[in-house]
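Asks: Below you will find the structure I want to go over with you.
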């Protein structure tokens, strides 16, 4: 009890916990979001399983080795890893109460995300131009579904982060906006993890085998 | 009152952890990239190493960026995350396993 009072009196310098957890109503939403991430992971599990099973079923069409563009997916990976880092810096700025820094890092993260999605669209268009369409083989159906589902998650994340940015701009860093910033970044880091597995299981293995 | 105990865990708000996490994630990616593109070893062992490197990336993101050790009360989120991961690997590995029987019938 004495400890808790100390925090009340000493204000922000000695924080009881980070701002996004301070209000139990916000903390429970963070827990809820973790639950969502666990179930979203199962969606990707099914798509990965499908891909792993049918990836050799190319039906005489393009093989992974033929269509995967090494510099392309390397840059995509670099962009997404970096955006995960800048997203983390946004959370850090939020916890330190620096509204301007927070907004800058959110904008940088959004731009990196846009770069990633742009490259992925370009990659898909190049594949289709070479005749590697979704309808061509089981491998390509599974490939476009898995990578496309991740890409649409990232696109959604960009829109979501932009809305969060607007809310921070208008309302500043409150317990509610802090929780929103924290959650959208959890989502973003999660997508980075999923991409690392796409990078490994789809692209690198495709180049190796 | 329980929250008071959290203070020591994340009193600092410096970017050090984020920078360490970022460097680690880049290094892990670079290692798997070089291994794969130089065809450094045979496919079987290489796939195991690549998967282990990817698994380490999960840990980097969880601990350095997602603050998985934080939060008030019991770590329910870690438990569901663990169950989710077990299910994920079970779905993937069992699908591969069961479909290898299918292959042989072709």
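The values are calculated or read from the model by the stated rules, or taken from the named source; none is laboratory data. Everything numeric here is computed off the predicted structure, so don't read it as measured data. Positions of Cβ are backbone-derived with ideal geometry, glycine not excepted, and every protein chain shown enters the neighbour counts.
Asks: Does residue A:73 satisfy being at pLDDT 90 or above and under 19 Å from residue A:138 (Cβ atoms)? So that I can check it myself, show each step before the final result.
Replies: Details: at pLDDT 90 or above: yes; under 19 Å from residue A:138 (Cβ atoms): no.
Criteria not met by residue A:73.
Asks: A further question follows. So residue A:68 clears everything in (1) at pLDDT 90 or above; (2) more than 10 Å from every other protein chain (Cβ to nearest Cβ); (3) surrounded by fewer than 15 Cβ atoms within 10 Å (Cβ to Cβ); (4) under 30 Å from residue B:99 (Cα atoms) except one condition, right? Which one?
Replies: (3)
So that you can scan it fast, the table gives a plain yes or no per residue for (1) touching a helix residue (DSSP H, G or I) at 6+ places or on another chain (Cβ under 7 Å); (2) modelled with pLDDT under 95; (3) under 25 Å from residue A:162 (Cα atoms):
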residue: A:104; (1), (2), (3): no, no, yes
residue: A:109; (1), (2), (3): yes, no, yes
residue: A:113; (1), (2), (3): yes, no, yes
residue: A:117; (1), (2), (3): yes, no, yes
residue: A:133; (1), (2), (3): yes, yes, no
residue: A:138; (1), (2), (3): yes, yes, no
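Asks: Residue check, residue A:94 against (1) within 11 Å of chain B (Cβ to nearest Cβ); (2) assigned to a helix (DSSP H, G or I); (3) closer than 23 Å to residue A:196 by Cα, all met but one. Which one?
Replies: Among (1) within 11 Å of chain B (Cβ to nearest Cβ); (2) assigned to a helix (DSSP H, G or I); (3) closer than 23 Å to residue A:196 by Cα, residue A:94 violates only (3).
Asks: Do we have any residue at all in the range A:156-163 that's buried (at least 22 other Cβ atoms within 10 Å of the Cβ) and within 13 Å of another protein chain (Cβ to nearest Cβ)? Please lay out each step first, then the result.
Replies: Restricting attention to the range A:156-163, the residues satisfying the condition of being buried (at least 22 other Cβ atoms within 10 Å of the Cβ) are A:157, A:161.
Now drop any that are not within 13 Å of another protein chain (Cβ to nearest Cβ), which leaves none.
No, because not a single residue in the range A:156-163 is buried (at least 22 other Cβ atoms within 10 Å of the Cβ) and within 13 Å of another protein chain (Cβ to nearest Cβ).
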